[in-house]
Amino acid sequence: MKTIPKRGLDHAEILEQMQQYGGQDVNYHDAKTWSLVYHLDEKHTDFLKQAYTLYFSENALNPMAFKSLKRFETEVINMTAAMFHGDKKVVGTITSGGTESCLLPVLTYRDMARAKRKLPFTPEMVVPESVHVAWIKAAKYFGVKIIYAPLKSDFRVDVEAVRKLINRRTILLVGSAPSYPHGVIDPIAELSLVAQQHNIPLHVDACLGGFLLPFIEKNGGEVPQFDFRLPGVTSISADVHKYGFAAKGASTVTYRSMKYMKHQFFVDENWPGGVFASPALLGTRPGGAFAAAWAAMHALGEDGYQENARQIMEVSAKLQNGINAVDGLTVMGHPNMSVFGYNSTDDKVNIFAVGDQMEAKGWHIDRIQRPEGLHMMVVPGHAKIVDSFLADLEAAVEAVRSNPDLAVEGSAAMYGMIAKLPFRGMIKKEVMTMMEELYSPKGSMPMDGADNPWSVRVMAKLMQRFGKR
Ligand SMILES: *Cc1c(COP(=O)(O)O)cnc(C)c1O
């Protein structure tokens, strides 16, 4: 078993080893990835590192001790609120990321409902089927029942269905701007009306689009309203560490007024360690992430964000048009956005096999299910690979079409089966087993693709039980 080395090692030696470990990581520098890293350019990244390092050790746990960090937080929230056309009453907190910005509103609105009336039942929240998984996690963590509203054929939530799912137990409605799987914006204006009519809070999950949509709009693009201009919207989450191009570990949750956010606060007046107050989930809060978020917003400015938005949307349009032009492929829905899924329109083209072919060419590909597809999120750096990506994609589709076996080999077979298998509990059980292995003391790291020992085993097991071939 690995132990702390008896004697500390030489810094240079350690750093070299660490760099070596990164050698097998996905390559975002050459724009081969479509998620995980929102990389602008080296110059911006170097600047963020400087900003982060200035407050590397500072801790926002105690805002009285580090007034600088409180100032960063207040100003990041003020700037975000203004970007969302909020008035002077809008408040919020910096959080550690989108997940925290989705967890907290569930807790907040649950406790707000409890403060108003006894809840002799499990509280419920009505969300689109396409809602980010962070909300499902929140429901699990905080004991709120999640009620899924179906999507229409354009992948936007069916507002009439939402209306019908509301009852006296409903504590929250959620809409996405845009949704992660399909990049479409739910009809937030209509949800806002429903929320007002029923006097239920409405949270807009703009983790992904929050720092992009306002600038597309400023560029003259058509963006349906999703922010505090809509009176039924009570809170918004928006990630500075996505299209805000800050360092990881920074997101925002903003509320229309303190009337809502006060239910997010935690105070324990009796703790032997002292009277304790905390605005969000974390105890120790990393000053570097706060500083880098503040710095990113000042460094880019509206101009910078607008220029990024222009480039991002230009590249996205090229990619979407290019994908639609490939015989057998189509972009799902009509996402006028930089995040989207695409799937196959041809029985002979298995979309997951296309994904395998693309991975063999060095692309890191994300898969989605229900319906099955491949997925991408665009950053300005993708401009340089549009042509090579589309050429590879066209070749991949041809390879799959002319070789049907590719659909039942490698990870395509596994993803296909996982997406279609009606016995969902079986999948969950297998994935749980994988998690236990991954987080066992050995921490065996499954490798990507067909030689993934986990995927091979799961596939073999599932095929044996349910597979036809
Ligand atoms: C990314 C994302 C989240 C979660 O954000 P993390 O920073 O990954 O925790 C939540 N909602 C949407 C729509 C997202 O795209």
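Each peptide in 35-43, 69-77 receives the mean, over its residues, of other Cβ atoms within 10 Å, and ordering these scores from highest gives 69-77, 35-43. Amide H contacts of LEU329 (H built 1.01 Å from N, in plane; Pro and chain starts excluded): THR345 sit under 5 Å, all sequence-distant by 5 or more or on other chains. With a/c under 1.5 counting as rounded, go ahead and sort region 220-342 into rounded, prolate or oblate using the C-alpha gyration tensor (a ≥ b ≥ c being the square roots of the eigenvalues; past the cut-off, prolate if a/b is larger than b/c, else oblate). Prolate, since a/c reaches 1.5 and a/b exceeds b/c.
With the cut-off at 1.5 for a/c, could you classify region 52-297 from its C-alpha gyration tensor as rounded, prolate or oblate? Before the final figure, lay out each step's value.
Values: a/c = 1.96, a/b = 1.24, b/c = 1.57.
Oblate is the answer for region 52-297, as a/c is 1.5 or above yet b/c matches or exceeds a/b.
Name the residue from THR99, VAL223, TYR180 whose Cα lies farthest towards the positive end of the charge dipole of the chain, charges +1 on Cβ of Lys and Arg and -1 on Cβ of Asp and Glu. Among THR99, VAL223, TYR180, the one farthest towards the positive end of the dipole of the chain is THR99. Close amide H pairs (under 5 Å, H built 1.01 Å from N) link GLU124 with LYS145, THR170, ILE171, residues at least 5 positions away or on another chain. For the listed peptides 26-33, 242-249, a ranking on the average number of other beta carbons within 10 Å per residue, highest first, reads 242-249, 26-33. What lysines does LYS88 reach when the alpha-carbon gap must be under 23 Å and sequence neighbours fewer than 8 apart in one chain are set aside? In chain and number order, the partners are LYS67, LYS70, LYS218, LYS259, LYS262.
Exceedance of the 23 Å cut-off in Cα-Cα distance is limited, within the set LYS118/LYS428; LYS118/LYS140; LYS242/LYS384, to LYS118/LYS428.
Heavy-atom accessible surface of the chain, averaged per residue, reaches 50 Å², computed with a 1.4 Å probe.
The label-point distance for SER257 and HIS11, in a model that sets each label 7 Å from Cα toward Cβ, rounds to 5.3 nm.
The modelled label-to-label distance for the pair LEU61/THR122, using points 7 Å beyond Cα in the direction of Cβ, is 3.5 nm. How much accessible surface area, in Å² rounded to 10, belongs to the heavy atoms of LYS49 with a 1.4 Å probe? Answer for LYS49: close to 120 Å² accessible. Percent relative contact order of region 52-297, based on C-alpha pairs within less than 8 angstrom and at least six residues apart? Relative contact order comes out at 28 percent.
Using the Cβ-Cβ distance between GLN24 and LYS429 with R0 set to 22 Å, the FRET efficiency from 1/(1 + (r/R0)^6) comes to roughly 0.15.
For region 52-297, a simple Cβ point-charge model (Lys and Arg +1, Asp and Glu -1, everything else neutral) yields a dipole of about 740 debye relative to the Cα centre.
Distance between the pseudo-spin-label points of LYS145 and SER440 (7 Å out from Cα toward the beta carbon): 3.8 nm.
Couplings 3J(HN,Hα) for region 48-56, derived from phi with the Karplus relation 6.51 cos²θ - 1.76 cosθ + 1.60 (θ = phi - 60°), are 4, 4, 4, 4, 4, 5, 4, 10, 3 Hz, where x marks Gly and Pro. The protection proxy used here, the mean number of other Cβ atoms lying within 10 Å of each residue, ranks peptides 145-155, 210-220 as follows, highest first: 210-220, 145-155. Rounded is the label for the chain, because the ratio a/c of its alpha-carbon gyration tensor axes (a ≥ b ≥ c) stays below 1.5. Protein heavy-atom surface of the chain, 1.4 angstrom probe: 55% of the accessible area is carbon and sulfur, with nucleic acids and ligands not counted.
With +1 on each Lys and Arg Cβ and -1 on each Asp and Glu Cβ, how big is the dipole of the chain about its Cα centre, in debye rounded to the nearest 20? Provide the component values of the computation, followed by the final result.
Details: 51 positive and 50 negative charges, 478 e Å.
Around 2300 debye, computed over the chain.
Rounded to the nearest 5, what % of the DSSP beta bridges within the chain are antiparallel ones? Intermediate values should be presented prior to the final figure.
On the way: 24 of 40 bridges.
Antiparallel bridges: around 60 percent, rounded to the nearest 5.
Phi angles across region 240-256 convert, under the Karplus curve 6.51 cos²θ - 1.76 cosθ + 1.60 with θ = phi - 60°, into 3J(HN,Hα) values of 6, 7, 9, 6, x, 6, 9, 7, 4, x, 9, 9, 10, 10, 10, 10, 4 Hz, Gly and Pro given as x. Shown in residue order for region 325-332 are the 3J(HN,Hα) couplings computed by the Karplus curve 6.51 cos²θ - 1.76 cosθ + 1.60 at θ = phi - 60°: 7, 6, 4, x, 10, 8, 6, 6 Hz (x for Gly and Pro).
The values are calculated or read from the model by the stated rules, or taken from the named source; none is laboratory data. Computed from a predicted structure; not experimentally measured. Don't worry about glycine lacking a Cβ; one is built from the backbone with ideal geometry, like all the others, and counts go over all protein chains shown. The accessibility values were calculated without ligands, DNA or RNA, using every heavy atom of the protein model including side chains. Shrake-Rupley method; radii C 1.70, N 1.55, O 1.52, S 1.80 Å.
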